[in-house]
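Worksheet for the structure shown next.
Readers should treat all values here as calculations from the given coordinates under stated rules, not as data from a laboratory. Worth saying up front: this structure is predicted, and the values here are computed from it rather than measured. Note that we place each Cβ from the backbone using ideal geometry, even for glycine, and neighbour counts take in every protein chain shown.
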Amino acid sequence: MNWILLIIAGLFEAGFASCLAKAKETTGAESAWWLAGFVVCLTVSMALLYKAVQTLPIGTAYAVWTGIGAAGTVIIGIVVFREPADLWRILFLTTLIGSVIGLKWVSA
């Protein structure tokens, strides 16, 4: 169950990074809404990470959390923000995802 919470926490990490990117692109009230989304995603992500590390090793949990957040942010950047999806980015994104899966596989 805590692995599921950790995965969800990582997705919320990607959410708070994406909210920051959108807040940067907007002004006024729209920017405030994106910043509010950032705070909500950050709070949920941290709370779930805290819950997950109650039973998972902190080193593994933190690495998986940041890996999911980083990979999710890159994917959102490519799909939503039209960032480049060149060979090297896809190669290293695949390596990152493989590393996260590997950490899960070798951890209890």
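Residues whose amide H falls under 5 Å from that of Thr26, counting only those 5 or more places apart or on a different chain, are absent, with hydrogens built in the peptide plane. Placing unit charges on the Cβ atoms of the charged side chains and taking the dipole of the stretch 2-106 about its Cα centre, the candidate lying farthest along the positive direction among Ser99, Ile75, Leu42 is Ser99.
Placing +1 on the Cβ of every Lys and Arg and -1 on the Cβ of every Asp and Glu, with nothing else charged, gives the stretch 2-106 a dipole about its Cα centre of roughly 160 debye. Take the Cβ atoms of Thr26 and Val106, set R0 to 35 Å, and the FRET efficiency comes out at 0.25.
For Lys22, list the aspartates and glutamates whose Cα falls under 15 Å from its own Cα; do not include residues on the same chain fewer than 8 positions away. Output for Lys22: Glu13, Glu30, Glu83.
What would the Debye formula give as log10 I(q)/I(0) at q = 0.14, 0.18, 0.24 Å⁻¹ for the alpha-carbon point model of the stretch 2-106, no solvent? Calculated log10 I(q)/I(0) at the listed q: -0.58, -0.87, -1.18. Each helix, a run of at least 4 DSSP H residues, gives -39500 (n - 2.57); summed and divided by the residues of the chain, these come to -29500 deg cm²/dmol at 222 nm. For the listed peptides 92-102, 46-56, 25-35, 6-16, a ranking on the average number of other beta carbons within 10 Å per residue, highest first, reads 6-16, 46-56, 92-102, 25-35. Each residue of the stretch 4-12 was assigned a 3J(HN,Hα) from its phi angle through the Karplus curve 6.51 cos²θ - 1.76 cosθ + 1.60 (θ = phi - 60°); the sequence is 5, 4, 5, 5, 4, 4, x, 5, 5 Hz, with glycine and proline shown as x.
The modelled label-to-label distance between Leu96 and Ile4, using points 7 Å beyond Cα along the C-beta direction, is 2.6 nm.
Applied to the stretch 86-94, the Karplus parametrisation 6.51 cos²θ - 1.76 cosθ + 1.60 on θ = phi - 60° returns per-residue 3J(HN,Hα) values of 6, 4, 5, 4, 5, 4, 6, 5, 4 Hz, with x for Gly and Pro.
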